[in-house]
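Undergrad: Let me give you the structure first, and then I'll get to my questions.
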Amino acid sequence: MEDDPPGVDPVVDATATDIAEMRIRGAATIADAAAEALATHAERSEASSPEAFRAGMRAAARRLYETRPTAVSLPNALRYVLQGMDGETVADLRSSTIARAEAFRRDLEQAQAKLGEIGANRLRDGDVVMTHCHSTDALSCIEAALEDGKHVEAIVKETRPRKQGHITAEQLREWDVPVTLIVDNAARRYLDDADHVLVGADSIAADGSVINKIGTSGLAVNARERGVPVMVAAQTIKLHPDTMTGHTVAIEMRDENEVLSTDERSEITGLEETDGRSLEDANDRGLEEVDDGLIVENPAFDVTPPRHVDAIVTERGQFPPESIVTLMRELFGETIGEPWEA
Ligand code: RUB
C-alpha cells in the first residue's frame, strides 16, 4: 500500500496564502517568512521515518515555492533550509532543519544591516532620495545614513496599483524623514530635485539586470536622462542563480482587480449585469461567456537593464551591475538544484 502524500502544517498553508495575497510581501520579508514556516513544519512534523520527514519538508517547500514566481529570495531561502536538513533519525533531521532556518533568518537580518551601512556611504548629508515601491533593503540604507547623523529627505512614488509607497512613507515619517509623496506619473518632474534614485530588487540576473516592482525600469531610464544615479539595494539572496545558465526570470501577472474593480469595468464597457449577476461573476460561473472587449494587464515587475543602474549595493560591497556575475559564481557555484522536487 502506498503512503499518503505528506501533508503540510497549517502554518505553512497560512504563510503561503499570505504570500500569495501579499499580506506578506517584499522579497526579504517573503524569504524570512518562508524559512520560519519551514522551521515550524519541521518542529511539528509527526513523521515516523526519516524518509517521511524529508518528503514532508519537500512538500512544505513546494507549497511555499508555488506562491509568487519573481522574487528569487523565496527559492533561495527554501534551498538553503532544505540543504541543511541532515541526519539519520527524525530527531536529528528536525533539529538540523530548525537550526538551519534560524541561521538563515539571522543572516538575513545581518546582511540587511550590513548592506545598509554600505549604501549609507553613498548618501551625503542633505541628500534627497527618490524611492519606488517598498523595499526594506533600500530603507536600510536610509536608516543607516540617519544613524550616521545625516539629514536625508525623500520623494516617495506612490507605486500603483498596490500603493506600497504608502508603506515607505509611513516608515520614513516614523524616522522623522521629510517626505514628499507623488503619483508615479510625476516622477520625471521631481527627478530634478533628487540626488539619488534608491530601489530594491526581487531578483538580479547574471547580466546585472534588475527585476523589481513594475515602473522601476521607466524610472531608471528617466533618471539616467536627468543624470540622477540609480542605486539598487539588494542582499545577495536576491541574486538569481538560474540566470547564470541562461534562464530568464518569470514576471508575475497579478489579478486585474488590483487595477480595475468590477464596477469600474462596467462603467467603461457599459455592460453591467448578466443574468442578474455581475459580468465577472457570470463569467466565473460559466453562465455566459461575455467578451466585453476590454483587456486589463497587471504585470507586477519589470526588468531594468544594467546600463541604467549605477550600483548594486549588497552586504558584500557595492558592485557595478555588469560585475555581479562574479559574486554569483562565488556564492552559488555553477550548479543549483531544486531540492523540493527530489
Ligand atoms: C516588492 C518589491 C520590492 C522588492 C525588494 O514587491 O518590488 O522592491 O521586493 O524588497 P511586492 P525588500 O510588494 O509585490 O512584493 O528590499 O524588502 O526585499
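Computed from the coordinates by the stated procedures, all read-outs in this text should not be read as laboratory data. Being a predicted model, the structure only gives us computed values, none of them experimental. Cβ: placed from backbone, ideal geometry, glycine included. Neighbour counts: every protein chain shown.
Undergrad: Using 0.36 nm times the number of residues separating Leu271 and Ala91, minus their current alpha carbon distance, what extension gain do you get?
TA: On the way: separation 180, 0.36 × 180 = 64.80 nm, distance 6.07 nm.
Length difference between fully extended and current span is 58.7 nm.
Undergrad: For the peptides 139-149, 256-266, 18-28, what is the packing order when you average, over each peptide's residues, the other Cβ atoms within 10 Å and list the highest mean first? Could the numbers behind the result be given before it?
TA: Working: 139-149: 20.1, 256-266: 14.6, 18-28: 18.4.
By packing density, highest mean first, the sequence is 139-149, 18-28, 256-266.
Undergrad: Then there is this: Quickly rank 205-211, 69-75 as a protection proxy: mean count of other C-beta atoms within 10 Å, highest first. Mind showing how you got there, number by number?
TA: Working: 205-211: 22.4, 69-75: 24.3.
Per-residue Cβ counts within 10 Å, averaged per peptide and sorted highest first, yield 69-75, 205-211.
Undergrad: Rounded to whole Å, give me the distance from the Cα center of segment 21-57 to that of segment 67-117.
TA: What the calculation gives is 10 Å, centre to centre.
Undergrad: Next up: Of all DSSP beta bridges in the chain, what percent run antiparallel (nearest 5)? Don't skip to the answer; put the middle values down first.
TA: On the way: 12 of 30 bridges.
So the antiparallel bridges amount to about 40 percent of the total.
Undergrad: Can you give the charge dipole size of the chain about its Cα centre, rounded to the nearest 20 debye, using +1 on the beta carbon of Lys and Arg and -1 on the beta carbon of Asp and Glu? Walk me through the numbers on the way to the answer.
TA: Working: 35 positive and 65 negative charges, 284 e Å.
So the magnitude is around 1360 debye.
Undergrad: Among bridges DSSP assigns within segment 122-195, what percent are antiparallel (round to 5)? Spell out each step's value before the answer.
TA: Details: 0 of 8 bridges.
Beta bridges within segment 122-195, antiparallel portion: roughly 0 percent.
Undergrad: Which whole-angstrom value gives the distance between the alpha carbon centres of segment 131-210 and segment 289-326?
TA: Each part's Cα centre sits 16 Å from the other's.
Undergrad: Rounded to two decimals, what is the ratio between the C-alpha radius of gyration of segment 112-269 and 2.2 N^0.38 Å? Provide the component values of the computation, followed by the final result.
TA: Details: Rg = 16.5 Å, N = 158, 2.2 N^0.38 = 15.1 Å.
Ratio of Cα Rg to 2.2 N^0.38 Å: 1.10.
Undergrad: Starting from the Cα of Glu21, step 7 Å along the direction of its Cβ; do the same at His166; then give the gap between the two resulting points in nm.
TA: Each label point lies 7 Å from its Cα, and together they span 1.8 nm.
Undergrad: Sort Val228, Val197 by Cβ crowding within 10 Å, fewest neighbours at the top. Display every interim value, and only then the final one.
TA: On the way: Val228 22, Val197 29.
Going from least to most buried by this count: Val228, Val197.
Undergrad: Rounded, prolate or oblate, given the Cα gyration tensor of segment 100-143, with a/c below 1.5 counting as rounded?
TA: Details: a/c = 4.95, a/b = 2.04, b/c = 2.43.
Oblate shape, in that a/c is at least 1.5 and b/c is the bigger or equal ratio.
Undergrad: With N set to the residue count of segment 1-121, report its C-alpha Rg divided by 2.2 N^0.38 Å to two decimal places. Provide the component values of the computation, followed by the final result.
TA: Numbers: Rg = 15.0 Å, N = 121, 2.2 N^0.38 = 13.6 Å.
This ratio for segment 1-121 stands at 1.10.
Undergrad: What FRET efficiency, computed as 1/(1 + (r/R0)^6) with R0 = 25 Å and r the Cβ-Cβ distance, is obtained for Thr180 and Ala113, rounded to the nearest 0.05?
TA: Working: r = 27 Å, r/R0 = 1.08.
Efficiency computed from Cβ-Cβ geometry: 0.40.
Undergrad: Another one. Which lysines, if any, have their Cα less than 18 Å from the Cα of Lys114, not counting same-chain residues under 8 positions apart?
TA: Counting by Cα, and skipping residues close in sequence, Lys114 has these lysines nearby: Lys150, Lys238.
Undergrad: Let me ask another. How large is the convex hull of the Cα atoms of the chain per residue, expressed in Å³ as a whole number? Don't skip to the answer; put the middle values down first.
TA: Working: hull volume 58.2 nm³, N = 342.
It comes to 170 Å³ per residue, whole-number rounded.
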